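Report on one structure; see the data block that follows.
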Amino acid sequence: MARSKRLLTPLLTAGLLLLIEDFHAVRHHYALTTEPRFGWLLALIALIWTTTYATGVNEAGLSLGARFARSAAAVGSALVTIALLQLVTASTLLPRFDLELSVITLVPGLAVVASATQRSLTSQGEHERVLALVGNEEHERLLRDVGRRPERVSLLAVALAPADVVPAEGRPAPLEEAIREQRITLLVMNRDAQSYDEVVAQAARAHAKGVRIRTLSLYYDEWLGKLPHSELERIALLFDINELHRPMYARMKRFLDVSLAIAGLPFLVLAMPFVALADLAGNRGTLFYHQERVGKDGTIFMIHKFRTMRASEAASSWTERDDTRLTAVGNALRRLHLDELPQVWNVLRRDLSIVGPRPEQPRYVAQLSEVIPFYDTRHLVRPGITGWAQVKYPYGATELDALEKLQYEFYYLRHQSLGLDLRIIGRTLRSIVGRQGR
């Protein structure tokens, strides 16, 4: 149901644009599907889908006015792209009247539909009342993670220690009692809770009455988009990694990488003189920064970036948000993500993929591998310019942050697919539009 509601915005875009163009075809007596402009219409639909996702029109917690502004930005940027293509090709790809009517109908339509969809999803999510059978440490971590950009909304109504719901004299079914009193719709059980036969028996009776049951690992996976710290070591080898086990996916992913890298080369060439001029004003030194990173299968490669720190202060320690070593120009490059552009060359060289775990320096990898179980598993796939951890977790610069990011990276390894790759690319574009720097 939730997934079908999220399809309303793209369906509205396609429906309105097809209706507008069909109206034009009927008025001017031609068959829409036989005209070259039909292909451009499909391209415009795909472009607006992309810009709508990138600007976050459907993002939770926005006012109607904010959605209206983002809808205008999404539709406007897509139409400007079409207009520039028309200028370059010196031909009318789509009628001007149709483009104007698209703005008039799509901007308010997208805003209203997205607002109504999110209200419905949030209302539905808040009625997903969760009882978690976890320990104190897991409870604190769960509370924090539920409040941090979940994939699906839920309300953690209550958390109990598994031992507290074991039947005792005078309380034959304490778990069922708690489920009834708290109006629970989803029961989450850690491994300890699953070891009590009396608790499992109560959960089975609750399940028969309509309560959904999830292990802690599955709850994290489905609702939070990560794997819990307590489960990393246990399930590290218990799932396929598509890049390793499905050759077709690996070939398609490489095709996507090369296509996007080639598309990014002109932007790199265009950006270089402007970055060089900016460096002269406030970031004097070499244009590029080169650093060793650990790639697939533990191989060492040299990553390339536009330099963002003072030339005399190389990145000798964890880079922090708003690092004092950043120059004003470098900070702007980071916030616009322009410092990453030279990495399209790394993609073409097969050092990097567009999407994957972010590569770390060799000394940090050695350090983290000693303290974090199965940390090296992330090196089974090609690292990426962007990744699931980057779009889900705020910038971090400590071992604890590395552990948090690893939980998101294991989720990516477990669910690796072209669909997830495209979602990550879309969310990265959204962060660029929102100017969320690192």
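The values are calculated or read from the model by the stated rules, or taken from the named source; none is laboratory data. Only a predicted model underlies this, so the values are computations on that prediction, with no experimental measurement involved. Methodologically, a virtual Cβ is constructed for each residue, glycine included, from the backbone with ideal geometry; neighbour enumeration extends over all protein chains shown.
Quick look at the values:
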read-out: All helices (runs of 4 or more DSSP H) inside segment 216-272 with 1 or more residues being loosely packed, with under 13 Cβ neighbours inside 10 Å; value: 232-235, 242-245
read-out: Helices (runs of 4 or more DSSP H) contained entirely in segment 351-431, each with at least 2 residues that are within 12 Å of the chain's Cα centre (by Cα) and closer than 29 Å to residue 264 by Cα; value: 388-392, 399-415
read-out: Filter result (free of Cβ contacts under 8 Å to residues at least 12 places away in the same chain and not small (Gly, Ala, Ser)) within segment 191-206; value: 197, 200
read-out: Search result, residues across segment 333-354 that are over 16 Å from residue 303 (Cα atoms) and buried (at least 19 other Cβ atoms within 10 Å of the Cβ); value: 333
read-out: So residue 333, is it at pLDDT below 90 and either of a type outside the set (Phe, Trp, Tyr) or in a loop (DSSP other than H, G, I, E, B) (or both); value: yes
read-out: Enumeration of residues in segment 335-375 that are touching a Phe, Trp or Tyr at 6+ places or on another chain (Cβ under 7 Å) and aliphatic (A, V, I, L, M); value: 338, 341, 368
read-out: Failed criterion for residue 63 (all others in (1) over 21 Å from residue 14 (Cβ atoms); (2) touching a Phe, Trp or Tyr at 6+ places or on another chain (Cβ under 8 Å) hold); value: (2)
